[in-house]
Structures are given as structure tokens and as C-alpha cells.
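First the structure, in the form of C-alpha cells, and then the observations on it.
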Amino acid sequence: MLPYALLLSLLPFSVIAEEGIISGPTTSPQAADYSCDATKCKLPDCNCASTDPPGGLNPSDVPQFIVFTADDAVQSYTLDAVNQFIGQRVNPNGCPIKMTYFTSLNYTNYTLVTDWYVAGNEIADHTMTHVGTPSAQEINGNLIALNALAGIPLTDIKGFRAPFLNYSADTLKLLAGAAFTYDSSAAASIPVTDPNTDAYWPYTLDNGMANNCLSVPGTCRGEPKLPGFWEIPMYAFFDERGVVGPHLMDPWLDAANGGPSVNDSATLDYMKKTFTDHYNGKRQPIGLYTHPIHLSRTYPGVNAPVSTINMVNAFLDWAQQQQNVWIVSNIQLLEWVRNPVPVSQLSSFAPLKCTAPQVDSTAKICNGIPKNEDGLLSHCAFSDFPFYTCYGCPTVQPSPNEPNPPQDISQGQPERHRLPANCSTPFWDPIGGKCLCTASSCTFSDLSRPIGPNGANLTGGGTGDAFTSPNSSAMPPFTPFSGVTPSSLLATGAWPGLFLGTVGAILGTLGALVHY
């Protein structure tokens, strides 16, 4: 193991690591050679790659979706970073913003995954150890571990993103074979204003891929044919250079317009311009695809660029002032694409509503709701990355070869029960091995407010920092779901372990950079 001082010296380099960089078009009509018969490929289970809105809707009747995602390990500092952008925002129906977290399990705190999921967010697969062109063990092992140690229902882990966006035709086949619903690793790399744009609405691979045809061998030209398996393209922003100035993941880390350094004002300008092109065109989604570590204000040893954080919030504030703009997770977007309804009917569209599990706050149950699980979490004190879980510590660290090790009951502690298929996570008692509620009538309550033709405003609400406010303070740290942080989560002796896990994540990032 590296000396402590050397580990500390490596901390600043974590913000240098970038993934998902593209420098120009990753496809062309000739390379794609894509063909799809829309009279045979019909929703909800088949959709042609098209720039036109699904369901034959007019763009003016279509919501403008901003997809918000995060990649890599889930720790308190990454959730703090995400929360400073979405934690105090609501969509036009008054519901808090939900997002997709593509989770890799090295250095992840499992109980925070549980909390984030129970709070309504989507948990998706990003491999166990963050490797590109992953094996089946990397992909499926992540499913198994997320289910066993974070209590995420297997049926709710629907999406995948390849680390470094490095996937192959075989990766897509593995995902379809493992019953994933979608992949989101392919870039939409040509502006929507270009007649050859590849900014397609999400589509199925019944007729092969239509994105990344210049980048991924064995795809496009009708391959691979994976009926019912979806691709949700990642929609790039473009600076004033147009097609040769794309910015995909963490665009705020890039120098805009070919300049020598990051310029927040120039980045804000091209983000607004790209959004406007989508909004005034066919309203293809736009995406904020983040590695939260880069903008975390609570990451040890790194000072996040406050001006950049304020700029991202200023963009979201501005976007939410436009009519019919919704910030969503990938699965919320996909549910709308599969069953498209005009904005006038969004009040009754269930995937965009907000529901809360009705659990007695005095009940002692290890269920992802801090008021209930306080004092019940297991601390798994592995040397390189310790974590907490509701589901019992394993005897060894999970790995692709052993994603669900036996539970450690060596000290006489009773074995905890894993989530069964017939119970929802917030209602499952892993200590008592019982489900508090199985009837749909007592499970969740709807907290949405009416929207649409009743005269309600169709804009969302944002309380992000003003870009022009140099003295803006940090957002409050992430407190999962109920606003109460369990004391056991931050117990004495936990922080050193979490810090070691953080340092380990940096080493993993550096190793990945060498590989990349």
C-alpha cells in the first residue's frame, strides 16, 4: 500500500481525469446505413431511430426533457455534488428532481445507494470495477451486488452505461441477454440543426444501432439486431465551432471554442444555445452527464470551482424558466417515449409523479429511510474501502468472481435477510425477515400537484446559485430522503475508513487513465 503522504499528494489529480470526451462526429448516414420501417416498428416495444418526436406528436406538444445522470461510486461527497444542482429543484408538477446514477461498486457505500433509490432515483449499472468493454461477470456481478447489499430490486436495474463509454457490439448483446432495458453509452455527436444530425430520440435495436457508427466496430448497418432493447443516446452540447466543437460528459471541464482554458461564461453561452436549438426544433432531449467528484465541495483535499458550480446552476435556473421543461432520469424519459402523451396530459402521467412510501417514522427497520434505519446499519470495515449496508456484511469484499459472498456471522450476529422479489425496498425488514406492506393501497402516496390546462404554470422551480454571485455559499450536505442523517452512518471511526475509500477511488481513477 502506498504511504499516506503519497496518497494525499495524489488527491488533486482526481479532477483531471475526464471520460466521455469526443472531438467530432462519431457517425454519418453512410456509416450507419440505417433502415427501419415505422409501419412495422411500433411503440411501446419498438421505435425507429428518428429525429421526430415519438407517437407522431407535434414538437409544440412535447416536453423538453433534460436528462440528469451521474457516474461511478456513490459516496456522501458525490451525493453532495449532485444535490447542489437538483436538491432544491422541482418539476412543473411540484415533484423533486429525480436522476439516474450509473453505479460502479468499487468504493461505493451501499447504504447510500439504498437511500438514494428509496428517495426515488434510478440506480443503473456501470460495472463492478469500472472497466471498459466489460465482461459478463462485470455487468452481471454489479446487478447481483446491488440487489444483495443495497437492496435494489433486480427488476428496477434497467439501464447500463459503459465506463469510458467504451462498449462493443458484444457488450450490447450481453446487456440484452441479461434482460436490461436500455444502454446509454452512444453519443449523439452532430448538432440538431445539421441535416445529418444523429440526435435521435431513444430507439430500439430491432434494426441495429444508428449512433457511434464510426467508433464502434460491428455496429450499425443493421447490427446488432436486439429486438426490444433500447439505446438512449447521450446528447452533446456544441460550442460556436459547431460539429467540430462537441462537449459530452462534464462539458464544464472543457475549454470552449478551442480556447486555452475553461471559460464559464463561454460554456454557459453554448449550453444555452444548444438547449435552444433542441427546444425550438424537434425537442430531442438534452443531457447533463456528470462525474460528481469534479464538482464536489466536500471531497477531501480538493477545492471545487465555485464559479463553475454557479454556472451550471445558472443554466438550470434559466432552462427551468422556459415552458414545459422537465429534468428527469433516463427511465422517466424512456417511459414517456414508450407511451408519449402531450403536455396537456402530463398531470395523469404516472412516471413523472412523485410518491412517498408511507412507513411509520417510529418503526425500527433498516429500509433506506434514515429515521427508520438509525442505529441499525452494519459497518463492513474492509481495509481499502469500508462501507455500510442494511443487508449484513459479507465475509470478503464483493468482486466480479464473487459478487455476493456469504454473510459474516462470525461474532454470533444473526444473518440478515436479502430483499425478496415480492416486497418493495422501503417496506422490507432485513433483520426481521418480513415485509411491512404488500398491498398497493397502503404502499405509496402521490405528492404531485396538478398541471396543464387548468391554468397552472408549466415551468419548474429552481433555487440554484446565481452565476453572478461570487460569494454564494455551498448547498447543505446531502441528507437522504427524510432530511435526517443517521448517526450510525457517521459513527466514530467511520470517517477514516471513508477517507481511505476515497483515496482508493483516486488510485483506481489514475489506473483507469493509464489504461485509457
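Quick note: the coordinates plus some simple rules give every number you see, no bench work behind them. Note that the coordinates shown come from a computational prediction; the quantities given were computed from them, not determined experimentally. Cβ placement follows ideal geometry from the backbone for every residue including glycine, while neighbour counts extend to all protein chains displayed.
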Name the long-range amide H neighbours of Tyr235: under 5 Å, sequence gap of 5 or more, or other chain; modelled H, no Pro or chain starts. Ala188, Gly287
On a straight-distance basis, which lysines could pair with Lys364 in a cross-link, Cα separation under 24 angstrom, same-chain partners fewer than 8 positions away excluded? Lys434
Could you name the lysines in cross-link range of Lys98, using Cα to Cα under 20 Å and dropping any fewer than eight places away on the same chain? Lys158, Lys353
For segment 262-362, just say rounded, prolate or oblate: build the C-alpha gyration tensor, square-root its eigenvalues into a ≥ b ≥ c, call rounded for a/c under 1.5, and beyond that prolate if a/b exceeds b/c, oblate if not. oblate
Going Cα to Cα from Lys42, which aspartates and glutamates come in below 12 Å? Please leave out same-chain ones fewer than 8 positions away. Asp206
For segment 116-123, what does the Karplus curve 6.51 cos²θ - 1.76 cosθ + 1.60, with θ = phi - 60°, yield as ³J(HN,Hα) per residue in whole Hz, taken in order and with x for Gly and Pro? 5, 5, 5, 6, x, 8, 8, 9
Could you compute the FRET efficiency for His417 and Thr39, with r as their C-beta to C-beta distance and R0 at 60 Å, rounded to 0.05? 0.75
On average over all directions, what projected area in square nanometres does segment 61-351 have, based on the convex hull of its Cα atoms? 14.4
For the pair Asn263 and Leu214, the simple spin-label estimate (label points 7 Å beyond Cα toward Cβ) gives in nm 2.5
Could you estimate the translational diffusion coefficient of segment 128-196 from the Stokes-Einstein equation, with Rh from the Kirkwood formula over C-alpha pairs, at 10 °C and 1.306 mPa s, in whole µm²/s? 121
